[in-house]
Each structure stands twice: as C-alpha cells, then as structure tokens.
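The values are calculated or read from the model by the stated rules, or taken from the named source; none is laboratory data. Since the structure is predicted, the reported quantities are computational estimates derived from the model, not experimental observations. Cβ atoms come from the backbone with ideal geometry, glycine included; neighbour counts cover every protein chain shown.
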Amino acid sequence: MAILVKTEITITKGFETWKKMVEAQRPKLEEMGMSFLFAGTEQDDPTKLHAAMRFDSLDVLKRFGADEKLTNERREAGVVIESGAFTLLSDDFMTNYPEPFIRR
C-alpha cells in the first residue's frame, strides 16, 4: 500500500539547487519507490520547502530516511535535515481535482 507524506523542511541554497539535487537523484528515488507529488517554497519565505511525497510502502519511507549517501546529497544541496517535519496522511484523499496543475 502506498504511503502519502506531507513534509516541511528548511533549505538554505534556494529551490533551484534543491530541485537540481532531486533531478540528479531521480533514478535512485524511482528505484527506491518514491516520488514527489508536489514541492514548492513559501511565497514569503523561500527557505521553507513544502512537499507531498508518495512512497511505495512504509519500509521505503524508512529506507529513504536511513540512506546516508542520499542524506549527504541533501545536506550538500542546502537541506537542513534536522528541521524536517513529516506527517503521514490517511487513505482519505483526492488528487488532480479538477485537473492537474503542472509548471516545469
């Protein structure tokens, strides 16, 4: 069963640096069974990153958190790991309503 997670974390090197790190890690994240449904910063505070993520299972979420190499890559991209707050979401949700909004 897939796990949806809402997160807020501090980034210090800007969204573009964070985004490039995620794009560079894409094959690893896909292999792990993880994807981003949304990620963006606050309008008034670009150091506050909010994301909605999907993990194939709770085990994948745990592996993501325990992966030292990935954690180091995130730190190098300006992620303040200790600031992260993760909230597991319930199975009651909807997506793409009324249609997806995508800006690349």
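Worth pointing out:
- The residue that is surrounded by the fewest Cβ atoms within 10 Å (Cβ to Cβ), among those in segment 59-77 that are more than 18 Å from GLY14 (Cα to Cα) and charged (D, E, K, R), is GLU68.
- Flag if SER35 is of a type in the set (S, T, N, Q) and either closer than 15 Å to THR7 by Cβ or surrounded by 10 or more Cβ atoms within 10 Å (Cβ to Cβ) (or both): yes
- Flag if GLU30 is out of contact with any Phe, Trp or Tyr (no Cβ under 7 Å at 6 or more places or on another chain) and either modelled with pLDDT of 95 or more or surrounded by 15 or more Cβ atoms within 10 Å (Cβ to Cβ) (or both): yes
- Any hit, segment 78-88, residues being surrounded by fewer than 13 Cβ atoms within 10 Å (Cβ to Cβ), farther than 25 Å from LYS13 by Cβ and of a type in the set (A, V, I, L, M): yes
- Restricting attention to segment 78-99, the residues that are closer than 16 Å to LEU4 by Cβ, not hydroxyl-bearing (Ser, Thr, Tyr) and not in a strand (DSSP E or B) total 6.
- Residues satisfying the stated conditions in segment 2-31, i.e. touching a residue at least 60 places away in the same chain (Cβ under 8 Å) and either among the hydrophobic types (A, V, I, L, M, F, W, C) or farther than 18 Å from LEU61 by Cα (or both): ILE3, LEU4, VAL5, ILE9, THR10, ILE11, THR12, LYS13, GLY14, THR17, TRP18
- Taken over segment 38-77, the criterion of being polar (S, T, N, Q) and assigned to a loop (DSSP other than H, G, I, E, B) is satisfied by GLN43, THR47, SER57.
- Restricting ALA2, ALA51 to residues that are within 21 Å of MET94 (Cβ to Cβ) and at pLDDT below 95 narrows the list to ALA2.
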